[in-house]
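What follows is one structure encoded as structure tokens, with my remarks underneath.
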Amino acid sequence: MSRRSDRWWLEGAIEVMGQTNNPEFKGIVNEGYLRLKYKKWELYGGRKREYVGLSDTLLGMGSMVSSTNALPIPQIRIGTYDFIPVIGRWLHMKAYLTHGWFENSRPFVQNAYLHQKGLYVRLGTKNWPIVLHAGVNHSVQWAGYAPAFINDPGDMARYGHFEKSWLGYWGVFSGQSMANYAVANPGKVIVFDQNRIGNHLGTIDMALQWRPAAFDVFLYRQIMFEDGSLFYELSTADSFNGIRWKSKMPSYAAFSIKQVTVEWLSTINQGGDQFVDNDPRKRGKDNYFNNSQYQDGWTYFGRGIGTPFVTPDADLKPGVRRYALGFSNNRVEVFHTGLAGTFKRNTSWEMKLSFSRNRGSYVLPFDKSLQQFSGLLRVGTRLPWLKGGELSGAIAYDRGELYENTLGAYISLRKSGFL
């Protein structure tokens, strides 16, 4: 649904999925939002699928901190939905600011908020053969209520409640330590939050795009941060790297490859295997996606918000070491490749193959690296008689030492637009 004028555009969408595990049935709202757009600016509220960071959104494994592995988090978001010119036609910017709400059914912390923001720049005009991209995104879990801390008067929380004042929001937004303020104003900031308020994480992104006439090559790199170790250049060894090749030429062959993506992810360093509070050169053991306050971890309805290869404990096979909550396996190395193309005129296909080595965590290391393979093949064909309809099916397979050996499949019929 949309209504637009020359500059203003009001848009709404809803996508609902039914899920059954006989005899249970439940409906899930995958997306549902109302968006007001002006030129390339937007303000929206609701649940909307977003891609955060610089990476391949079609065949890639997903960004380190915010992929599409979990349902979108309900939020209010303001910013640009595309790059806007800043200086002439050669420097462009994209930025956004979000306030969201985690689910109240979390086992450890209820009523928590999401703070998220990002700033990206692009150097190059549409005629330049090489274009440079760079940016940073920052996400925070904050506020909320932890029943486990109800008898704690101030160390971890104030009688179960985490900081959620406007002062606290400034600490969340800026990422600054609250220690100096706490000394000058005793009793006004929860003791644990005198360091930083909430669970902070994000990535610094860089990319280069090469655009000759026949194809497009996109190289990208993300470096993750969760605490001060990135500032001291201790966690730059952990990164997500990829290259995507995409054909621009039409193909009339019966079988064609239109896109190839190759990626490598490593999270095994985490600033090193030592953490000494008063030594900035030994601030390792970052323990990605876990937090001593938000012990449910970086999840939404039990699904990891970040890369799907850092796996929530509920997804691990029996016998694999795990915490009660959160992520026991966050030191991983992953090689991933994706291919997509066409078969004859109306049929598209895509394949994703991933191989991972999983080491557990510094807190709870596995006895050995666990090997895992995951693969998916999808085929879809357009239905001209349905005017915008597509029938598609996919098959996925997991085999290895981390997950249960599983074979799954789905079939879908999708219609876009109106008859």
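The values are calculated or read from the model by the stated rules, or taken from the named source; none is laboratory data. If you're wondering where the values come from, they're calculated on a predicted model, not measured in any experiment. Cβ placement follows ideal geometry from the backbone for every residue including glycine, while neighbour counts extend to all protein chains displayed. Accessible surface is based on the protein model in full, side chains and every heavy atom, while ligands, DNA and RNA are left aside. Shrake-Rupley method; radii C 1.70, N 1.55, O 1.52, S 1.80 Å.
Here are the numbers:
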{"quantity": "Leading residue by the ranking (farthest from Pro72 (Cα to Cα)) among those in the range 287-338 that are part of a strand (DSSP E or B) and aromatic (Phe, Trp, Tyr)", "calculated": "Phe335"}
{"quantity": "Any pair with Cβ under 6 angstrom, 6 or more apart, that starts in the range 252-270 at a residue that is closer than 28 Å to Thr342 by Cα and ends at one that is part of a loop (DSSP other than H, G, I, E, B) and open to solvent by less than 50 Å² (accessible area, probe 1.4 Å)", "calculated": "Thr261/Asp56; Thr261/Leu59; Thr261/Gly60; Glu263/Gly60; Glu263/Met61"}
{"quantity": "Every residue from the range 56-79 that is of a type in the set (S, T, N, Q) and at pLDDT below 95", "calculated": "Thr57, Ser63, Ser66, Ser67, Thr68, Asn69"}
{"quantity": "Residue tally, condition assigned to a strand (DSSP E or B), open to solvent by less than 80 Å² (accessible area, probe 1.4 Å) and in contact with a Leu (Cβ under 9 Å, 6 or more places away or on another chain), over the range 376-392", "calculated": "8"}
{"quantity": "Selection count, the range 317-334, where residues are open to solvent by 30 Å² or more (accessible area, probe 1.4 Å) and farther than 20 Å from Asn405 by Cβ", "calculated": "4"}
{"quantity": "Test: Tyr403 is under 23 Å from Phe225 (Cβ atoms), open to solvent by 20 Å² or more (accessible area, probe 1.4 Å) and either in contact with a Lys or Arg (Cβ under 8 Å, 6 or more places away or on another chain) or not in a strand (DSSP E or B) (or both)", "calculated": "no"}
{"quantity": "Which numbered condition Tyr362 fails, given (1) part of a strand (DSSP E or B); (2) open to solvent by 30 Å² or more (accessible area, probe 1.4 Å)", "calculated": "(1)"}
{"quantity": "Extreme residue, modelled with the lowest pLDDT, among residues of the range 204-229 that are under 23 Å from Gln295 (Cβ atoms) and either open to solvent by less than 30 Å² (accessible area, probe 1.4 Å) or β-branched (Val, Ile, Thr) (or both)", "calculated": "Ser229"}
{"quantity": "From Lys368, Lys352, residue being open to solvent by 30 Å² or more (accessible area, probe 1.4 Å), of a type in the set (Lys, Arg) and within 26 Å of Ser251 (Cα to Cα)", "calculated": "Lys352"}
{"quantity": "Qualifying residue in the range 91-101 (condition: open to solvent by less than 60 Å² (accessible area, probe 1.4 Å), in contact with a strand residue (DSSP E or B) (Cβ under 7 Å, 6 or more places away or on another chain), at pLDDT 90 or above and outside any strand (DSSP E or B))", "calculated": "no"}
{"quantity": "Hits in the range 259-316 (condition: modelled with pLDDT of 90 or more, open to solvent by 20 Å² or more (accessible area, probe 1.4 Å) and among the charged types (D, E, K, R))", "calculated": "Arg303"}
